[in-house]
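This report refers to the structure that appears directly beneath it.
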Amino acid sequence: MIRAVKGTRDLLPPSIAVWNHVEQVARRVFRAYHYQEIRTPIFEETQLFARGVGEETDIVTKEMYTFEDRDGSSLTLRPENTAAVIRAYLEHRLDQRPGIQKLFYLGPMFRRERPQKGRYRQFYQIGAEAIGSESPAIDAEVIELVVEILERAGLSGFTTLLNSVGCPACRPRYVARLREELGEAAPRMCPDCQRRAVTNPLRVLDCKIPEDQPVIERLPSILDHLCDVCQPHFAAVRQYLDDRGIAYEVRPRLVRGLDYYMRTTFEVVHGALGAQNSVLGGGRYDGLAESLGGRIPAPGIGFSIGEDRLVMAVEEAHPGRFADRPDLMILPLGEAALRHAGLLARELRRQDFSVEVSPGGKLKRTLETAHKIGARFVLILGDDEIAGGTYSLKDMTSGVQTPVRREEIARRLEGIQ
RNA sequence: GUGGGUAUAGCUCAGCCGGUAGAGCGCUGGAUUGUGGUUCCAGUGGCCGAGGGUUCGAAUCCCUCUACCCACCCCA
């Protein structure tokens, strides 16, 4: 039997309703903050991600779905979308449009990792980028926006982590300092940290091994090494978040995996997700456009929500709450009633009601089916009703059944919407 | 790439020390006429992940493989 390939999955009812709910909430919030949608291709030239994400990152070195096209060019299924959005910004000269470009996207991304809870090879991200301003006010607004999405989606009990990772002016100095310290400390740490101390010192900071924590505590903090630009920028972001009453925790050891981040970085974690507890990550990337070879500066900040993880957490918090239930199920008794039901259903469907028509059978069974599929109302339609010109409308929640005339049905259904 | 766990009905799982399969849920139907949720009855269901070995006999013991899950790595 042919099965879905490793790390991919079918999204089925009823949980697809949660996906739609999350996406609908996101679209509504994006609209409120005046973000507009952008849809970039699912695959791009490999170079875009190699340069955008960082040649040395794990994503680029071992997790990309890269293939050779028939003309010999190297293409890659997108492992993330920020680089592509910036590419589009440069390609279409969106810098020439008025104001800050605020764009959102949602869709599948691809990384060839070993699947586990909350991690898939085809996974979905809901993200946004605000391009064209270096102002810390934008940073705060972006964080406010993403928190708004999470809350309105039905998530609670999450923690927003905030940090600044500096910029090309100050981070190298900090990294050098860190290397120095690690020269002494690393030998006392876990094997992974000893490796990271050489390859990527910043990664040592978020090692999870308990024994290493005391050592990590004593390592220098990047926040003490921010330059004259980064330091006030970070202070301003915090100020604006405080103004809004948005809760966050400063985590000087929060580092991001993608090379393009600078200054503000943030992450939201949630307990109910297993080891992959991060629901979203984001940050500022003022130098990304240049590293893509663009001559136009495109300072920006963005985030991406791991939709699979958000859906998982929302489902856990509100089981069964977002199921798609039909407003009405029509139960015709007999051939004449079935024909009549077809016409009636079409009329109601044109008024945007969700209507199911039973193909027939014993009333007891069809009522049982109506109950199982969650129909809010049931309309019983037999010879008596056709003759009398009224229908029997039953409220499946209360069990109360009342005679209604055709023109009353819509109004009765409205009452429950 | 590394480690651990699990594979038996559509789903969740029993099945001890080897004697050729069970439950609950689901699904279909019935409990006399056109009334659901509860109840009762019946039916439907399985190459016991695949291959090999031990044995008179393997879902059960051994080996190999595969798949899935979880964790590491890394990240959303």
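The values are calculated or read from the model by the stated rules, or taken from the named source; none is laboratory data. In this text the structure is predicted, and so the values were computed from the model without any measurement. For neighbour counting, all protein chains shown are included, and Cβ atoms are generated from backbone atoms with ideal geometry for every residue, glycine included. The protein model used for the area step is the full one, side chains on, heavy atoms only, and it has no ligands, DNA or RNA in it. Shrake-Rupley method; radii C 1.70, N 1.55, O 1.52, S 1.80 Å.
Whole-Hz ³J(HN,Hα) for each residue in segment A:64-77, computed from phi via Karplus 6.51 cos²θ - 1.76 cosθ + 1.60 with θ = phi - 60°, x for glycine and proline: what do you get?
Using θ = phi - 60°, the values come out as 8, 8, 10, 9, 8, 6, 5, 8, x, 6, 9, 10, 9, 5 Hz.
Let me have the relative contact order for segment A:328-414, percent, based on Cα pairs under 8 Å that are six or more residues apart.
Relative contact order here is 30 percent.
Taking the Cα centre of chain A as origin and charging only Cβ (+1 Lys, Arg; -1 Asp, Glu), how large is the dipole, in debye to the nearest 20? Mind showing how you got there, number by number?
Working: 57 positive and 58 negative charges, 161 e Å.
Dipole of chain A, to the nearest 20 debye: 780 debye.
What is the Cα centroid distance between segment A:284-348 and segment A:223-253, reported in whole angstrom?
What the calculation gives is 34 Å, centre to centre.
Exactly which trypsin sites (Lys or Arg not before Pro) in segment A:116-223 are in a DSSP loop and have at most 15 other Cβ atoms within 10 Å? Walk me through the numbers on the way to the answer.
Numbers: sites: A:Lys117, A:Arg119, A:Arg121, A:Arg152, A:Arg173, A:Arg177, A:Arg179, A:Arg188, A:Arg195, A:Arg196, A:Arg203, A:Lys208, A:Arg218; in loops: A:Lys117, A:Arg121, A:Lys208.
Sites meeting the loop and neighbour criteria: A:Lys117, A:Lys208.
Identify, among A:Pro98, A:Tyr120, A:Ala130, the residue whose Cα sits farthest towards the positive end of the charge dipole of segment A:56-169, taking +1 on the Cβ of Lys and Arg and -1 on the Cβ of Asp and Glu, with the dipole about the Cα centre.
Positive-most Cα among the choices belongs to A:Tyr120.
What shape does segment A:1-111 take by its C-alpha gyration tensor, where a ≥ b ≥ c are the square roots of the eigenvalues and a/c under 1.5 counts as rounded, a/b above b/c as prolate, and the rest as oblate?
Cα axes put segment A:1-111 in the oblate bin.
Cα gyration tensor of segment A:137-190, axes a ≥ b ≥ c as square roots of the eigenvalues: rounded (a/c below 1.5), prolate (a/b > b/c) or oblate? Display every interim value, and only then the final one.
On the way: a/c = 7.06, a/b = 1.97, b/c = 3.58.
Oblate.
Among A:Val400, A:Gly361, A:Ala345, whose Cα sits farthest toward the positive end of the charge dipole of segment A:328-414 (+1 at Cβ of Lys/Arg, -1 at Cβ of Asp/Glu, about the Cα centre)?
It is A:Gly361.
For segment A:328-414, give the percent of accessible area contributed by carbon and sulfur heavy atoms, probe 1.4 Å, rounded to a whole number. Present the calculation step by step, with values, prior to reporting the outcome.
Numbers: 2480 of 5020 Å².
Its accessible area is 50 percent carbon and sulfur atoms.
Using the crude model of +1 on Lys and Arg Cβ and -1 on Asp and Glu Cβ, and no other charge, please compute the dipole size for segment A:223-357 relative to its Cα centre, in debye to 20. List each step's numbers first, then the result.
On the way: 15 positive and 19 negative charges, 31 e Å.
Result for segment A:223-357 is approximately 140 debye, rounded to the nearest 20.
Give the Rg (one decimal place) followed by the Dmax (whole number) of segment A:371-417, computed from C-alpha coordinates and expressed in Å.
Looking at segment A:371-417, its Cα Rg and Dmax stand at 10.8, 30 Å.
Have a look at A:Met1, A:Leu288, A:Gly107 and report the one farthest towards the positive end of the charge dipole of chain A, computed about the Cα centre with Cβ charges (Lys/Arg +1, Asp/Glu -1).
A:Met1
Cα gyration tensor of segment A:319-387, axes a ≥ b ≥ c as square roots of the eigenvalues: rounded (a/c below 1.5), prolate (a/b > b/c) or oblate? Write out the running numbers ahead of the final one.
Working: a/c = 2.84, a/b = 1.44, b/c = 1.97.
Because a/c hits 1.5 or more and a/b fails to exceed b/c, segment A:319-387 counts as oblate.
Placing unit charges on C-beta atoms (Lys and Arg positive, Asp and Glu negative, everything else neutral), compute the dipole magnitude of segment A:328-414 about its Cα centre in debye, rounded to 20.
Values: 14 positive and 12 negative charges, 41 e Å.
Value, rounded to 20: 200 debye.
Would you kindly derive the ³J(HN,Hα) couplings of segment A:368-373 from the backbone phi angles with the Karplus curve 6.51 cos²θ - 1.76 cosθ + 1.60 (θ = phi - 60°), listing them in order in whole Hz, with x for Gly and Pro?
Rounded to whole hertz, the list is 4, 5, 4, 5, 5, 7.
So if I restrict to the alpha-carbon atoms in chain A, what is the Rg, and what is Dmax, the biggest pairwise distance, in Å?
Both quantities, over Cα of chain A: 27.3, 93 Å.
Taking only Cα atoms and a 10 Å spring cutoff, compute GNM fluctuations for chain A and point out the largest among A:Glu56, A:Glu335, A:Glu315.
A:Glu335
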